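What follows is a short report on a single structure.
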Amino acid sequence: MIPQEIIRQKRNGAILSAADIDGFIGALGRGELAESQIGAFAMAVWFRGMTRDETVALTLAMARSGDTLSWQGIGRPVADKHSTGGVGDNVSLMLAPIGAACGLAVPMISGRGLGHTGGTLDKLESIPGYGITPDAARFRKVVDEVGCAIIGQTGALAPADGKLYAVRDVTATVDSVPLITASILSKKLAAGLETLVLDVKIGSGAFMTSLEEAETLARSLVEVANGAGVKTSALITDMNQPLADAAGNVVELRNCLDFLKGNKAGTRLETIILAFASEMLVQAGIAASTAEAEGRAREALASGKAAEVFGRMVYGLGGPVDLLENPDRYLVSAPVQTPVLAAADGWLGACDARAIGVSVIDLGGGRRRPQDKIDHRVGFSDILPLGTKVSKGDRIAVVHAADEASGERAAANLSANYRIVETAPDLPPVIVTRI
């Protein structure tokens with residue numbers, strides 16, 4: 001395999017063979033390529049694209065570049081979910097235990113915050129003792145005994161993806177659909193999944209802002225994952241406002257516990273969680289229809305079984321045994337809570353969800369640089385959904401801040417972020433379409 005020859009072929013628009021792609025990615029994983037060669041390959045793909053078969057080959061090669069997990073003998077269908085990222089998107093925290101309570105094995109490998117979006121791992125690290133990087137034996141033990149475990153990616157899982165992404169990040173090639181597809185799916189394939197559901201978000205708080213962009217990415221992910229042997233579907237969901245009524249780390253964990261205790265019924269968050277639970281259960285063959293699957297998911301919540309599974313997962317990964325019963329003992333609150341007040345009478349008509357995510361970072365709840373430490377306490381809670389009728393001075397959210405000055409600044413910014421209209425707005429559905 002001559003790297004520059006493969007780069008030349010792709011630069012000229014040729015369709016690469018699976019053997020050539022496998023050889024190039026293998027050399028990348030072994031550290032045999034110069035950064036200039038990796039960057040040139042990424043740029044050639046950005047300009048020339050890849051066919052479905054090429055993208056499948058790229059995904060499989062990246063998945064094989066490191067360790068792969070096996071769940072042989074687990075006795076349950078192995079399933080997972082992935083989101084392209086949003087604001088107030090804590091779906092994974094509730095979906096994994098619901099799936100496990102319904103008979104799935106959910107070995108969920110999640111990430112940190114990216115840009116303005118929150119990260120599942122950052123939220124879980126709000127829990128004292130919770131280990132996001134357990135060894136393989138403990139990971140397997142928790143999934144086997146509890147049914148789910150949410151952890152972080154190790155360097156041994158799809159390492160070629162990490163090396164390629166680091167170069168893409170500094171060569172303006174992140175937004176290539178084949179490269180995005182291979183990056184997301186290589187880690188999922190390496191995790192040994194049988195089925196996968198994808199949450200591709202669209203709107204002001206998403207990376208994809210148009211339906212055309214979202215559909216292109218969703219179709220690529222679904223076609224390539226199925227082509228690689230993982231039964232996969234995708235839902236395109238609305239991200240024009242925070243999904244939960246909280247945005248931050250501890251505040252979203254509290255939201256999760258409230259949801260599992262049955263206190264968030266009738267919300268947009270519940271709609272999405274039940275929809276993804278239904279997809280997972282039908283794909284895995286546990287339920288014959290979405291109606292049956294939704295009924296099973298609702299029962300797992302109503303019976304308290306999903307909450308019990310979440311508590312056992314937390315304890316199994318090093319967290320406190322009584323988090324659900326005594327959250328205030330473990331989840332540290334910010335010292336300052338500042339109300340956000342409506343600026344006028346009317347209906348909450350629109351907001352910039354991305355700006356809300358950026359405000360969490362400004363409060364200290366996210367990272368500007370990879371090495372930054374975050375303040376898990378800060379963020380927003382009690383966020384009213386769009387379409388709510390308010391009077392001037394009504395509380396529309398609460399800021400959780402480290403000090404009075406940052407709390408007042410964030411409250412003023414959030415109040416100004418919301419557009420209040422004279423008539424009830426026509427809002428998009430929370431689930432836009434299925435791919």
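The values are calculated or read from the model by the stated rules, or taken from the named source; none is laboratory data. Keep in mind it's a predicted model, so treat the numbers as computed, not measured. Heads up, the Cβs are rebuilt from the backbone with ideal geometry, glycines too, and the neighbour counts pull from every protein chain shown. The protein model used for the area step is the full one, side chains on, heavy atoms only, and it has no ligands, DNA or RNA in it. Shrake-Rupley method; radii C 1.70, N 1.55, O 1.52, S 1.80 Å.
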Exclusive hit being under 28 Å from Arg377 (Cα atoms) and either open to solvent by 50 Å² or more (accessible area, probe 1.4 Å) or in contact with a Gly (Cβ under 8 Å, 6 or more places away or on another chain) (or both), set Asn226, Asn240: Asn240
Flag if Gly227 is closer than 30 Å to Pro327 by Cβ and small (Gly, Ala, Ser): no
Matching residues, region 378-419, being closer than 25 Å to Thr271 by Cα and in a strand (DSSP E or B): Gly379, Phe380, Ser381, Lys389, Val390, Arg395, Ile396, Ala397, Val398, Arg419
Which listed residue, of Leu257, Leu243, Leu253, is closer than 15 Å to Lys123 by Cβ, touching a residue at least 40 places away in the same chain (Cβ under 8 Å), among the hydrophobic types (A, V, I, L, M, F, W, C) and in a loop (DSSP other than H, G, I, E, B): Leu243
Tabulated pairs, region 310-328, first closer than 18 Å to Phe259 by Cβ and surrounded by 17 or more Cβ atoms within 10 Å (Cβ to Cβ), second polar (S, T, N, Q) and at pLDDT 95 or above, C-beta under 8 angstrom, 6+ apart or interchain: none
Selection from region 325-373 of residues that are within 26 Å of Thr209 (Cβ to Cβ) and touching a Lys or Arg at 6+ places or on another chain (Cβ under 6 Å): Trp347, Gly349, Ala350
Tally, over region 70-89, of residues that are closer than 30 Å to Val378 by Cβ and modelled with pLDDT under 95: 8
Counted residues, region 356-375 - those being assigned to a loop (DSSP other than H, G, I, E, B) and either at pLDDT 95 or above or in contact with a strand residue (DSSP E or B) (Cβ under 8 Å, 6 or more places away or on another chain) (or both): 0
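Which of the residues belonging to region 30-83 are of a type in the set (Ser, Thr, Tyr) and either in the same structural domain as Ala234 (by the TED database) or in contact (Cβ under 8 Å) with a residue 24 or more places away in the chain (or both)?
If we filter region 30-83 for residues that are of a type in the set (Ser, Thr, Tyr), which is where we start, we get 36, 51, 55, 59, 65, 68, 70, 83.
Answer for region 30-83, where residues must be of a type in the set (Ser, Thr, Tyr) and either in the same structural domain as Ala234 (by the TED database) or in contact (Cβ under 8 Å) with a residue 24 or more places away in the chain (or both): Thr51, Thr55, Thr59, Ser65, Thr68, Ser70, Ser83.
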Positions within region 260-276 being free of Cβ contacts under 8 Å to residues at least 40 places away in the same chain, in a helix (DSSP H, G or I) and either aromatic (Phe, Trp, Tyr) or in contact with an Asp or Glu (Cβ under 7 Å, 6 or more places away or on another chain) (or both), in sequence order: Leu274
Residue match in region 335-345 (condition: open to solvent by 70 Å² or more (accessible area, probe 1.4 Å) and in a helix (DSSP H, G or I)): no
So Leu189, is it touching a residue at least 40 places away in the same chain (Cβ under 8 Å), in a helix (DSSP H, G or I) and closer than 19 Å to Leu317 by Cβ: no
Unmet criterion (only one of (1) open to solvent by 50 Å² or more (accessible area, probe 1.4 Å); (2) farther than 20 Å from Leu104 by Cβ; (3) assigned to a helix (DSSP H, G or I)) for Ala291: (2)
Every residue from region 420-435 that is in a loop (DSSP other than H, G, I, E, B), open to solvent by 30 Å² or more (accessible area, probe 1.4 Å) and touching a strand residue (DSSP E or B) at 6+ places or on another chain (Cβ under 9 Å): Glu422, Thr423, Ala424, Pro425, Leu427, Pro428, Pro429, Ile435
Unmet criterion (only one of (1) of a type outside the set (Phe, Trp, Tyr); (2) under 18 Å from Leu323 (Cα atoms); (3) touching a residue at least 40 places away in the same chain (Cβ under 8 Å)) for Leu121: (3)
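Out of Leu60, Leu95, which single residue is within 30 Å of Arg140 (Cα to Cα), within 29 Å of the chain's Cα centre (by Cα), open to solvent by 20 Å² or more (accessible area, probe 1.4 Å) and not β-branched (Val, Ile, Thr)?
On inspection, the qualifying residue turns out to be Leu60.
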Verdict on Ala18 being open to solvent by 50 Å² or more (accessible area, probe 1.4 Å), aliphatic (A, V, I, L, M), under 30 Å from Gln283 (Cβ atoms) and in contact (Cβ under 8 Å) with a residue 24 or more places away in the chain: yes
So Ala101, is it of a type in the set (A, V, I, L, M), more than 23 Å from the chain's Cα centre (by Cα) and either buried (at least 22 other Cβ atoms within 10 Å of the Cβ) or not assigned by the TED database to the domain that holds Asp372 (or both): no
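Residue-wise test of (1) under 19 Å from Asn240 (Cα atoms); (2) under 28 Å from the mean Cα position of the chain (by Cα); (3) in the same structural domain as Leu124 (by the TED database); (4) surrounded by 15 or more Cβ atoms within 10 Å (Cβ to Cβ).
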| residue | (1), (2), (3), (4) |
| --- | --- |
| Asp372 | no, yes, no, no |
| Asp375 | no, yes, no, yes |
| Gly393 | no, no, no, no |
| Ile396 | yes, yes, no, yes |
| Ala402 | no, yes, no, yes |
| Gly407 | no, yes, no, yes |
